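The values are calculated or read from the model by the stated rules, or taken from the named source; none is laboratory data. Here the structure is a predicted model, which is why all the values come from computation and not from measurement. All Cβ positions, glycine included, derive from the backbone under ideal geometry; neighbour counts span all protein chains shown.
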Amino acid sequence: MKNRCSVQYGLLLALALSLALAGQAWSRSASGWQWSLVLKQDKVSDAMRMPTALFIDGKQGHYYVVDSGRNRLLSFDRQGRLLHIFNAGKGLKTPYDMVRTDSGDIWVVEKGKNSLSRIDLKARRITTATLRYRGALVYPDRLEAADLLYVLDKASGRIIAYDPSSLKARTAFTCPDCASGFVDFRIHSGRLWALDRQDRQICRFRLDGTLEKTLPLDGRLNFPVSLAIGPSGSLYVLDRHSRDIVVYDQAGRFRYRFLDRGISRGQLYYPVEIRFDPWGGLCVVDEGNARVEIFRR
């Protein structure tokens with residue numbers, strides 16, 4: 001009798017595990033996202049060493065990858081062909097993020113200098129700036145651009161908007177109920193969306209700094225590092241340690257998760273950032289695999 005119970009228990013356990021794995025596989029495959037192309041340097045001796053960020057220039061149709069490990073920026077066309085490699089005369093020191101404004105200037109967060117640097121391509125000049133907010137030193141991390149430059153301060157976890165001409169602080173975005181501040185943010189549809197890793201929530205602000213809404217996320221996240229807003233308004237959160245992407249609706253309710261860990265095409269090792277491009281692609285900067293993967297539906 002005891003052996004029969006043990007066998008039945010084993011069968012039930014195996015069935016439960018099989019159903020769980022099948023449900024997980026269905027969730028990952030039901031997303032509809034398929035691998036499209038990769039951005040990387042094919043020459044092994046000159047391969048990207050530690051890509052940390054992606055900027056997409058929709059007007060020019062170019063992707064810009066920040067290669068932090070080799071102190072340079074790489075540009076690619078929409079087909080994934082390498083166009084240029086730019087290291088500012090070896091003047092960049094651990095670049096981490098970048099944007100290109102409508103004026104043509106490139107702004108780069110340089111961790112090695114703790115600066116926000118402006119690259120004037122026409123004048124071939126680099127100007128570095130140390131940022132402050134209310135007298136306190138700012139440690140730039142993530143960067144976005146609209147009419148203002150929006151900088152995530154690594155030390156405080158707040159997001160600060162600066163005037164690009166004077167680099168004077170205009171507005172700050174903070175969450176009084178967040179234990180450690182934000183780790184990533186996006187500007188979308190006239191709102192600023194910020195990801196709070198420790199408390200597993202997303203905060204939505206008006207651009208004047210007013211907190212409009214806080215969306216708690218469920219416990220499916222392990223180590224969220226990056227946020228993107230999909231064309232339909234869904235919230236995409238990159239989980240670095242789980243090596244996948246978790247998708248929520250606008251109310252913060254779980255929808256599905258997809259992608260897997262690995263080193264093969266379409267797999268992730270240590271991803272660091274996600275972004276949508278203007279052509280329907282979901283781009284994943286994979287620091288561990290030294291590439292950017294682009295998926296489409």
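Descriptive notes on the structure:
- Matching residues, the range 52-70, being surrounded by 15 or more Cβ atoms within 10 Å (Cβ to Cβ), of a type in the set (D, E, K, R) and farther than 16 Å from Glu110 by Cα: none
- Residue list for the range 195-220, restricted to those being surrounded by fewer than 20 Cβ atoms within 10 Å (Cβ to Cβ), of a type in the set (A, V, I, L, M) and either in contact (Cβ under 8 Å) with a residue 40 or more places away in the chain or closer than 26 Å to Ile56 by Cβ (or both): Leu207, Leu215
So that you can scan it fast, the table gives a plain yes or no per residue for (1) touching a Pro at 6+ places or on another chain (Cβ under 8 Å); (2) modelled with pLDDT of 95 or more; (3) assigned to a strand (DSSP E or B):
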residue	(1), (2), (3)
Ile160	no, yes, yes
Arg170	no, yes, yes
Cys178	no, no, no
Gly181	no, no, no
Leu195	yes, yes, yes
Arg204	no, yes, yes
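- Scanning the range 258-273 for residues that are surrounded by 17 or more Cβ atoms within 10 Å (Cβ to Cβ) and within 20 Å of Gln198 (Cβ to Cβ) yields Pro271, Val272, Glu273.
- Condition check for Leu121: closer than 19 Å to Val285 by Cα and of a type in the set (A, V, I, L, M): no
- Only one of the listed residues (Arg275, Arg257) is in contact with a helix residue (DSSP H, G or I) (Cβ under 7 Å, 6 or more places away or on another chain), assigned to a strand (DSSP E or B) and modelled with pLDDT of 95 or more. That residue is Arg257.
- Within the range 122-136, residues that are farther than 21 Å from Gly104 by Cα and free of Cβ contacts under 8 Å to residues at least 60 places away in the same chain reach partners that are part of a loop (DSSP other than H, G, I, E, B) and of a type outside the set (Gly, Ala, Ser) with beta carbons closer than 7 Å, at six or more positions or on different chains, in the pairs Thr130/Asn114; Leu131/Val138; Leu131/Leu167; Arg132/Val138.
- Total residues in the range 170-194, condition surrounded by fewer than 18 Cβ atoms within 10 Å (Cβ to Cβ) and among the acidic types (Asp, Glu): 1
- Total residues in the range 139-172, condition in contact with a strand residue (DSSP E or B) (Cβ under 9 Å, 6 or more places away or on another chain) and either of a type in the set (Lys, Arg) or over 24 Å from Ala228 (Cβ atoms) (or both): 9
- Hits in the range 14-35 - residues which are modelled with pLDDT of 95 or more and either part of a helix (DSSP H, G or I) or in contact with a helix residue (DSSP H, G or I) (Cβ under 8 Å, 6 or more places away or on another chain) (or both): none
- Annotation: Val151 fulfils all but one of (1) surrounded by fewer than 21 Cβ atoms within 10 Å (Cβ to Cβ); (2) outside any loop (DSSP other than H, G, I, E, B); the unmet one is (1).
- Unique residue being modelled with pLDDT of 95 or more, farther than 28 Å from Pro164 by Cα, among the aliphatic types (A, V, I, L, M) and part of a strand (DSSP E or B) when the list is Val38, Val108, Val66: Val38
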